[in-house]
Structure formats: structure tokens, C-alpha cells
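Presented below is the structure to which this report refers.
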Amino acid sequence: MKRLMMTAALLLTVAASAAKLQVYPYSGASFVPGQRFDLRVEAEDVKGFKDAVITLDGKAVSGLVKTTTKDTSVEWTLRAQSLTAGEHELAVKFTDENGEATKSAKWTVVPATKAKAKNVILFIADGLGWNTVNAAKLVAYPYNPANGMPTGKLAMETGLSSMATVTTSSYDSALADSANTASSIATGQKIQVNALNVYNDNTADTLDNPRIETITAMLKRSMGKSVGLVSSAFGTDATPAAFATYTRRRGDYQAIADQYFKGDVKPDVLLIGGSRDFIPSTAPGSRRKDNTDWIEGSQKLGYQFVSTRSELNAATGNKLFGLFNIDNIPSYLDRAQYKTKEMLGDFTDMPYLWDSTKKAVETLDKNPNGFFLMVEAGMVDKYEHPLDWQRAVWDVLEMDKAVAWAKDYAKTHPDTLILVTADHAHSLSVYGGYDATKGPGKREAVGVYEKAGFPTYGDKRDENGFPLPETSRTYAVGFAATPDYCETYLGRKVFLDPTVSNGKTGAEAAYLPNPKICDEGSVQRVGNLDPGSAQGVHTADPLPLFVFGPGAENFSGVIDQTEIFFGIARALGLDATKNK
């Protein structure tokens, strides 16, 4: 008995110290036929490597490149692989001095279907949860006080072919960021937080990770379609980058900018903010570390460069590159209504999102093979983070006008599929009415139920038909995930961060309510995030998906975000085993 116990203990010790294996793509991943991916097998905690057998569907995988990152690891990599439709299994049998370890991954390749659509226009409002959609509708189409009925609907809500609710998550977290969620739409994969279209690996280099091919790259390669990317955020930000670049760190801004023009997608239209990543390090405002000048370089590649709304609307080139601000493009309210020097600086002629959508479609439509266009209202998220709900909501309305234009385009181009969705949600919620005549920060001015009354948005509108944010009765809007901050209930013409640093470093560093906001008249809110949080954060709340046009039947019910990718692929009849 004693000998048996000693033997069992020895076996447990060996098993506990056996090498740890990791395989990418992960088990359970799905692909479209011919979608390229990098195969990566990693063994960690290795002692005295002896042998490894790696098979795919029972056959040895040839061409693997073996590396040793450190004394206790062995890795194998094989780039640009693809599979045909059906079920596949990769098996790894690894042996070192500690014994044997095994790992397997099962993959599914979804068969291609007959194409129903030729073009796709995908609208992504960053941070557009269901509650944010509703807030935008409440502002744009106030309830009629005579009967309590809404006076209208958003363009994204009317004339639907189908709709769905979308759930989000990342490979390594139930809560997600824009990089991995946009990558899920672009590739059909679960991706790690902060990563763009790559799997994790055990190297420090963020640009050598195993890649998974994007839908934009496949559509160019296999169907000859044109690709356009439009965003009101800085152009190397996560969402536009997810449709054309690859990196483990979304903050690799210089590399992302370079990949737009040197990668496998090379968008035919790129209309964005954030010129700081495309101008040489010697130029004012640049954050590059070299002298690359993509304004000049893009024109050598055949792009027409534009930098203002006037230049954009007059453009006639077959390829367009537009940079409209050194950083993010300010909110619709700042461009169309407030027009303050503090918010606009020297950029006084920036396009609206519908301008960029229209010009992008007109340019891409020259390709007889069709096109894929992603349009991001990127600043919705960037104003929800600092709890500025007015700027966020008016940017939703700006995108909605672009959606309306796209729907009109589809009337004469019925082979166009239009989708409106988000990458993730925020915790915004309309919970009452607010009597603005009593001034900022008055809890007694908050009304709920029948005391909320009917806000008076729409009494005055701007030249684009949007309501003005200043009105006698507004909404009480709050956020569920916040730092400590001061609540005024009202907006302001010059943006202010909700918090400021306490001036300390290290473990004592924290954020305090911004005294400038507190001095306006406010209620101080005790947050629920750690003191090191300066802003609000994303949530795991589900997202809307509004669909118009051919292939809409691929999107309905409650779906995972990765299914948006496969629905688009089915609608377009994508078979990436072909090369055009």
C-alpha cells in the first residue's frame, strides 16, 4: 500500500509539472472558407524538450517554424493557413523530461452561400447600447404632450428588414473594449482586450502575434471589392483600425497608420481625424517617432488628399485620404452649434458624418465589383466615458442622418446591405426629467414619473434639423459606472473632464471631482469605480443591430457579436478560397 501511495504521489508530481500547451486559433473558432490565419502552438514550463507531434485532421502539419523564446518554452508557427468547409481538428502531443502533454483544438469552417448583396455599409456608433439609442430618440422626437406618443423615430429604426440584439465579450474577459469587439465583427473571432485581429502569444513584440484575416482583406483579395473606412475619431483608434490592421496593442498608433498603406487591406477611402499619426515627427503635433509623411506618401500611391469639408465635397478621385483634425473630430454640437474656439481651434471646416459617408460611397461605387464601407460615429463613446451625455447623443443623431442618406442610396442600389450597430455599450440611462429653469445641480428639479413631464426639445432647431440642447425642460441622465464627480444635469459649451488628478503618484494617485464643474452648481456623486478611475467605463449590456436590404435574414434574435461577421459573409457569398 505504501509503495502504491508513493507511486501515485510521483505521478501527481509529474502531471503537475508537465508542459503547458496553448493553441491558436483557439478551440471552438469558426472561419469562412479560405479565411487565412496563423497557426501557433506554444509549450511553456518546458524542461528538456524531446519531441512534438502536431497533426491536422490526422495528418502531420508540415512547414512549422520552431522557435525557443526562452529556456522554458518552445513554439511553432505557420503563417497564412486556411481551411475548406467542414469540421477540422488540430492535435498536439508534446514530450519533455517531465513526460507527455496533449492539447487539441476543434475548428468549424462555415460553407459559403449564394450572394444576395453586392455592397455593404456598416455603421458602428462606438458605445451605442440600447439605452443610448433611446436617449437619442427622446431628444430628436420628443413625446407629444397632447397624447404621450412619440413624434417620430430615428432613421435607423424605420423601414427595417430585420433586427437583432447583440451580446459582447472578449476572449479573456466578460467585459470588452473597442479593439476586441470591433475585431470580432471584422474577423468572426473572440479577441483579447486591446488586441486587433491577432491572438495572444508569449513574445513581447506586439506586432508578431498570430493573425486572423479580416473580412475587408478577404473581400479585396477574393472578390475584388473596394474598401472604405470613415470615422469621427482619430483614425488609428481601435474601431477603424480593426478593419485594416493587426497588433496585440491597440496603442501601436504609428504601426497602425503604416499598415493602412502597407498592409493587406489598403483602404481605397480613408476619411478620419488624427493627423498626428500620419505626419513626420518634425511636424507640430506629431506623435510619430520617424519622418514618415503619409500625406505626401498617400498621394504617391494614387490617393487624393483632402483636409476640409469643402475639399471633401469637391473631391473626384478614385482613392481618397482625408484628415480633418490633428486629433478626434469634435462633437456635432461643437461643429454645428457651439462653434467655440476652445473646442474647434483652427479646424473650422470639418465634415459631418453624412458628408463623409456620401463621398465615400460615391467614390467606392465606381468599382463594378462592389464595396464594403465601415462608418464609425467614434465620438459617442469618447463623450460617454467622461459622462457628457449631450455631446454623445447629438453625435448619435449625426450618424442617424448618415444612415438616412445611406437608405436613400439603397433605394436606387437595392443590392446594398446596411447594418447599424455598436462595438460595446455604456451605462447611460434616462431616469427622469429636469427643470432647467431652476439652474444646474438642483436635485429638487429632477422629476420622475408624472412629475417628469415632457421635455421641450424641438422648440428650436438648427439648420440641419437637430434640436438645441438648451431648453427649459430637459432629461435627467445618469451613468451606472462612474468615478466620484459633480452632477449639474446640464451641458456646457466647452467640454470639461469630470475629474482631475489629486496630484499624487504611485499608490496614492487618484482622481477628484473637477472643481470647475462643481462650482457651476452641482450635486456631488459618490462613484462606484476605484479611485484610480478618471472616467466611466464600458458595460456588458447588449447592443442593437438594425438591418436593411438583401441578406437581412442572416441577422435576427439574440446573437453573439461574432455572428455579425458571418452574416455579412453569407450575404455577400464570400468564399475566400478564390482569388480575384
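Tabulated data
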{"quantity": "Segment 68-99 - residue that is open to solvent by 50 Å² or more (accessible area, probe 1.4 Å) and aliphatic (A, V, I, L, M) and, of those, nearest to the chain's Cα centre (by Cα)", "calculated": "Ala80"}
{"quantity": "Any hit, segment 249-261, residues being touching a residue at least 12 places away in the same chain (Cβ under 8 Å), open to solvent by 10 Å² or more (accessible area, probe 1.4 Å) and of a type in the set (Asp, Glu)", "calculated": "yes"}
{"quantity": "Subset of segment 521-537 [farther than 27 Å from Leu175 by Cβ and either buried (at least 16 other Cβ atoms within 10 Å of the Cβ) or among the hydrophobic types (A, V, I, L, M, F, W, C) (or both)]", "calculated": "Ser522, Val523"}
{"quantity": "Some residue of segment 424-440 being surrounded by fewer than 21 Cβ atoms within 10 Å (Cβ to Cβ) and either within 16 Å of Val120 (Cβ to Cβ) or at pLDDT below 95 (or both)", "calculated": "no"}
{"quantity": "Enumeration of residues in segment 445-465 that are within 18 Å of Asn144 (Cβ to Cβ) and among the hydrophobic types (A, V, I, L, M, F, W, C)", "calculated": "Ala452, Phe454"}
{"quantity": "From the options Leu512, Leu545, Leu490, residue that is in a loop (DSSP other than H, G, I, E, B) and either within 29 Å of the chain's Cα centre (by Cα) or among the hydrophobic types (A, V, I, L, M, F, W, C) (or both)", "calculated": "Leu490"}
{"quantity": "Residue count for segment 528-548, restricted to those that are of a type outside the set (S, T, N, Q) and closer than 15 Å to Tyr383 by Cα", "calculated": "4"}
{"quantity": "Selection status of Ser222, in a helix (DSSP H, G or I) and not hydrophobic (A, V, I, L, M, F, W, C)", "calculated": "yes"}
{"quantity": "Residue in segment 472-498 that is farthest from Thr132 (Cα to Cα), counting only those that are surrounded by 19 or more Cβ atoms within 10 Å (Cβ to Cβ), touching a Phe, Trp or Tyr at 6+ places or on another chain (Cβ under 9 Å) and β-branched (Val, Ile, Thr)", "calculated": "Thr474"}
{"quantity": "Residue match in segment 370-385 (condition: over 19 Å from the mean Cα position of the chain (by Cα), under 24 Å from Leu320 (Cβ atoms) and open to solvent by 10 Å² or more (accessible area, probe 1.4 Å))", "calculated": "no"}
{"quantity": "Where Gly48 falls short, out of the listed (1) over 26 Å from the mean Cα position of the chain (by Cα); (2) open to solvent by 70 Å² or more (accessible area, probe 1.4 Å)", "calculated": "(2)"}
{"quantity": "Residue in segment 27-36 that is of a type in the set (Val, Ile, Thr) and closer than 14 Å to Ala105 by Cα present", "calculated": "no"}
{"quantity": "Residue count for segment 499-513, restricted to those that are of a type in the set (A, V, I, L, M) and either open to solvent by 90 Å² or more (accessible area, probe 1.4 Å) or within 27 Å of Glu470 (Cα to Cα) (or both)", "calculated": "2"}
{"quantity": "Search result, residues across segment 452-471 that are surrounded by fewer than 16 Cβ atoms within 10 Å (Cβ to Cβ), hydrophobic (A, V, I, L, M, F, W, C) and within 33 Å of the chain's Cα centre (by Cα)", "calculated": "Leu468"}
{"quantity": "Subset of segment 278-324 [open to solvent by less than 20 Å² (accessible area, probe 1.4 Å) and closer than 15 Å to Val230 by Cβ]", "calculated": "Tyr303, Val306, Leu312, Ala315, Leu320, Phe321, Gly322, Leu323, Phe324"}
{"quantity": "Ala452 vs. criteria out of contact with any helix residue (DSSP H, G or I) (no Cβ under 7 Å at 6 or more places or on another chain), over 30 Å from Ile568 (Cα atoms) and modelled with pLDDT under 95", "calculated": "yes"}
{"quantity": "Every residue from segment 38-81 that is within 19 Å of Asn202 (Cβ to Cβ), among the polar types (S, T, N, Q) and assigned to a strand (DSSP E or B)", "calculated": "Thr67, Ser73, Thr77"}
{"quantity": "Residue that is farthest from Leu490 (Cα to Cα), among those in segment 441-451 that are open to solvent by less than 100 Å² (accessible area, probe 1.4 Å) and either outside any loop (DSSP other than H, G, I, E, B) or hydrophobic (A, V, I, L, M, F, W, C) (or both)", "calculated": "Val448"}
{"quantity": "So Leu574, is it of a type in the set (A, V, I, L, M), in contact (Cβ under 8 Å) with a residue 40 or more places away in the chain and assigned to a strand (DSSP E or B)", "calculated": "no"}
{"quantity": "Qualifying residues in segment 100-133 (those that are surrounded by 16 or more Cβ atoms within 10 Å (Cβ to Cβ) and of a type in the set (Gly, Ala, Ser)) - the one farthest from Ser184 (Cα to Cα)", "calculated": "Ala101"}
{"quantity": "Hits in segment 312-346 - residues which are out of contact with any Lys or Arg (no Cβ under 7 Å at 6 or more places or on another chain), over 15 Å from Leu271 (Cα atoms) and either polar (S, T, N, Q) or part of a loop (DSSP other than H, G, I, E, B) (or both)", "calculated": "Gln337, Lys339, Gly345, Asp346"}
{"quantity": "All positions within segment 404-423 that are of a type outside the set (Val, Ile, Thr) and either over 22 Å from Phe466 (Cβ atoms) or surrounded by 21 or more Cβ atoms within 10 Å (Cβ to Cβ) (or both)", "calculated": "Ala406, Ala410, Lys411, His413, Pro414, Asp415, Leu417, Leu419, Ala422, Asp423"}
{"quantity": "Near pairs, Cβ below 7 angstrom, 6+ apart or cross-chain, from segment 462-484 (closer than 30 Å to Pro531 by Cβ) to any residue that is of a type in the set (Val, Ile, Thr) and open to solvent by 30 Å² or more (accessible area, probe 1.4 Å)", "calculated": "Tyr475/Val430; Ala476/Val446; Val477/Val430; Ala481/Val537; Asp484/Val526"}
{"quantity": "Out of Lys366, Lys438, Lys451, sole residue that is without any contact (Cβ under 8 Å) to a residue 12 or more places away in the chain and either over 30 Å from Lys266 (Cβ atoms) or not aliphatic (A, V, I, L, M) (or both)", "calculated": "Lys438"}
{"quantity": "Enumeration of residues in segment 477-487 that are under 28 Å from the mean Cα position of the chain (by Cα) and assigned to a strand (DSSP E or B)", "calculated": "Val477, Gly478, Phe479, Tyr485"}
{"quantity": "Residues within segment 352-369 that are of a type in the set (Asp, Glu), open to solvent by 30 Å² or more (accessible area, probe 1.4 Å) and part of a helix (DSSP H, G or I), tallied", "calculated": "1"}
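The values are calculated or read from the model by the stated rules, or taken from the named source; none is laboratory data. Computed from a predicted structure; not experimentally measured. All Cβ positions, even for glycine, are placed from backbone atoms using ideal geometry, and neighbour counts span all protein chains on display. Keep in mind that these areas ignore ligands, DNA and RNA; they rest on the heavy atoms of the full protein, side chains included. Shrake-Rupley method; radii C 1.70, N 1.55, O 1.52, S 1.80 Å.
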